[in-house]
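S.K.: One structure, pasted below without further comment.
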Amino acid sequence: MNSSGQSTHPSLREESLQHEDPMLLGPWEIGVHPPGLTYRIPAISLPYGSRVWLSGDNGAGKTVFLERVLLPRLAAMGRQVFLVAQDLLLQAHVMAAVLASRGQRAPRCLDDLVMAWCAPARPNSILLLDEADRHLSPRTIHQLLELPLAFVVAVSHQGRPCTTTHCFTICRHETLVHLEIGP
Amino acid sequence: MKGTAKLLLLSSLVVLYFGLGVVGPWYADVPFQGSIAALCVLLRLQTSGWRGLRTDLAFLLPFLCTLVAMGALLDAFAMANRTDWTEDALCKALVFPNSFWSIQLAVGALRLTDLVALPRGVRRFFILTHALVSKSRPLIERLWWLVCHDPSLQTGPWIIRSGRRLTVLLAAALIAVYHETEATVRVYDARMALLEENPS
Amino acid sequence: MNSRILTLTLTVVVALVTLFVRIPLPSRGYFNVGDAAVIFAGLVLGGASPKHPLLWGALAGGLGSAAADILSGFALFAPLTLAAKGLEGALAAAAAKHTAALRWIWAAVASSAMVIVYFVGEALWPSIGLQGALAELLPNLLQAAGGTLIGVTAFGLVERTGWLRDDDTAAR
């Protein structure tokens, strides 16, 4: 499966896009224990600069997909992955400490904190947003999607963010989880 | 059984085991330690089921394996001119789970109502600490996961990376657990005030 | 900042971090990263508690580490741990208000005091003795050095977040 014909993110500079690799995923069949789910991911090639909206029912396994399937595989490919987790209020403490270790004082506002934490991201970095719109303002979500990064994958229940270029849906049938194109 | 009697019985059983099996004459008595281990496993199965036992083993086994491996290593180098390190390690590998289970079973058998007889301050400390440890354990595990996957803490040699991660974990854990403590203390005080108003 | 709540928080943090990484030692003890938490707890309480910081530091370090011993099957060590880590926590609390360089020295003194208390306690212990105490000396020294390094650095991070000075920062 090749998700072709999708537009590249407009805010990215043309010269950096030309020599950046696409993100190749799958085909994978991965068991995740616990919670005892098997993920069947088809072969997917996403062009550099893709902004992906990932949807699915509650309990379909989107967070497990991001944290236990996608993140470790992207990290193993040598990618720098920034995950804004669903429990962002807890992660904020880690972000504040990380900023302190970089010699910065953590901003009070959660939106500014996340932006400051993401600041060292490089053009080949990947950002995963797991329902970040529950805690962050639409403006910050827009800014995060606009960052000059290789790929951004956003899970959201509040509809497709307008700047996304691709849509995937996580579908679960008992313990088998599929990744399908389109909402 | 009344709270005070239960507290006394449980503490006596634990003290008895430690007196005989850990510091006492039956430390290296394999049949005794084996029987205690079997009894603990049965009780653990009864109270927490297979899931509880699996969690315990996941906690114990890595430690026991390291313990035995270290014993063998020290034997190989004849450390301190001794050749009984493996034997000693195997003995500890039996005593350690027993000590662990005896405490876990005793703590697990205690209910909130059993602590009523304790002095007010001690009771408050025990209840709050017990609640906080069980609430904060998953919190710290989750923080550790987030720290380990933070892209800013992925570089450098293993020892430096681990050290940096631990510093971030400590700082993040302090702030996260402090909020949890504040909330737990608030709930505890509110419940106690309610109980004092309506003792029935 | 409420000193009692902060002490309870740090007691729990010390206990849980001590249980986190454990490597058995030749005698009857185990290597852990709890010392980092004890030094950290002492420094935080020393920096934040206006009254009796040494007492709070001793309580958090001693009780947290002793609780970890009890919960992890080393209950026998709990009294010795209470004394050793309590002293370490109290001395670390005394380090908090000093300048950066002096803070490192104080923290190193606190860790060394822990090593000395363990060494004397184990040497006098009938089933461990001098030989066992000597075998644990090097791992304990390494634990103390690592604990000082991590604990003081972690305290620096908390200071930089501004959390100790301003509760609102943490109450995001």
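The values are calculated or read from the model by the stated rules, or taken from the named source; none is laboratory data. The structure displayed is predicted, hence computed values, not measured ones. Here the Cβ positions follow ideal geometry from the backbone for every residue, glycine too, while neighbour counts run over all protein chains shown. Surface areas here come from the heavy atoms of the whole protein model, side chains and all, with no ligands, DNA or RNA. Shrake-Rupley method; radii C 1.70, N 1.55, O 1.52, S 1.80 Å.
S.K.: Mind checking A:83-96 for the average number of partner chain beta-carbons within 10 Å of each residue's beta-carbon?
M.R.: Rounded to a whole number, the mean comes out at 6.
S.K.: Let me ask another. If you count only protein heavy atoms and use a 1.4 Å probe, how large is the accessible surface of A:Asp112, to the nearest 10 Å²?
M.R.: 80
S.K.: Just from its helices, what would the mean residue ellipticity at 222 nm be for chain B, if runs of 4 or more DSSP H residues each count -39500 (n - 2.57) and the sum is divided by every residue, rounded to the nearest 500 deg cm²/dmol?
M.R.: It lands at -28500 deg cm²/dmol.
S.K.: Moving on to the next point. Separation of region A:18-42 and region C:110-124 by C-alpha centroid, Å?
M.R.: Answer, in whole Å: 52.
S.K.: Right, something else. With the crude spin-label approximation of a point 7 Å out along Cα→Cβ, what separation in nm comes out for B:Val15 versus A:Asn124?
M.R.: Result: 6.6 nm between the two label points.
S.K.: Moving on. When the helices in chain C are scored as -39500 (n - 2.57) per DSSP H run of 4 or longer and the sum is shared across all residues, what 222 nm value do you end up with, to the nearest 500 deg cm²/dmol?
M.R.: For chain C, the value works out to -26000 deg cm²/dmol.
S.K.: I would also like to ask the following. Which whole-number percent gives the relative contact order of chain B, counting Cα pairs below 8 Å spaced six or more residues apart?
M.R.: So the answer I get is 22 percent.
S.K.: Between B:Glu141 and A:Arg172, what is the label-to-label distance in nm when each label sits 7 Å out along the Cα-to-Cβ direction?
M.R.: My value for the distance between the label points is 1.9 nm.
S.K.: How well do other chains shield peptide B:177-186, expressed as the mean number of their Cβ atoms within 10 Å of each residue Cβ?
M.R.: 6
S.K.: Assuming a ≥ b ≥ c are the square roots of the Cα gyration tensor eigenvalues, decide whether chain A counts as rounded (a/c under 1.5), prolate (otherwise, with a/b larger than b/c) or oblate.
M.R.: Oblate.
S.K.: Given a 10 angstrom Cα cut-off, can you work out which residue in B:Gly19, B:Gly52, B:Gly163 is the most mobile in a GNM of chain B?
M.R.: Comparing B:Gly19, B:Gly52, B:Gly163 in the GNM, the peak value goes to B:Gly163.
S.K.: Can you name the helices of chain A, as whole DSSP H runs, whose Cα span along the helix axis is 15 Å or more and whose Kyte-Doolittle mean is not below 0.5?
M.R.: The qualifying helices are A:88-101.
S.K.: So, one more: Pop a pseudo-label 7 angstrom from the Cα along the beta-carbon direction at both C:Leu102 and B:Cys65 and give the gap in nm to one decimal.
M.R.: Modelled inter-label distance: 4.9 nm.
S.K.: Also: Measuring from a point 7 Å past the Cα of C:Val120 along Cα-to-C-beta, which residues in region C:88-106 have an amide N at less than 20 Å?
M.R.: C:88-94, C:106
S.K.: A further question on this structure: Report, ordered by chain and residue number, the lysines lying within cross-link reach of C:Lys97, taken as a straight Cα distance under 22 Å and ignoring same-chain residues fewer than 8 apart.
M.R.: Result set, ordered by chain and number: C:Lys51, C:Lys85.
S.K.: Applying 1/(1 + (r/R0)^6) with R0 = 51 Å to the Cβ-Cβ distance of B:Ala37 and A:Asp87, what FRET efficiency is obtained, to the nearest 0.05?
M.R.: Efficiency computed from Cβ-Cβ geometry: 0.85.
S.K.: Here is a follow-up. Counting only other chains, what is the mean number of Cβ atoms within 10 angstrom of the Cβ of each residue in peptide B:126-136?
M.R.: What the average comes to for B:126-136 is 3.
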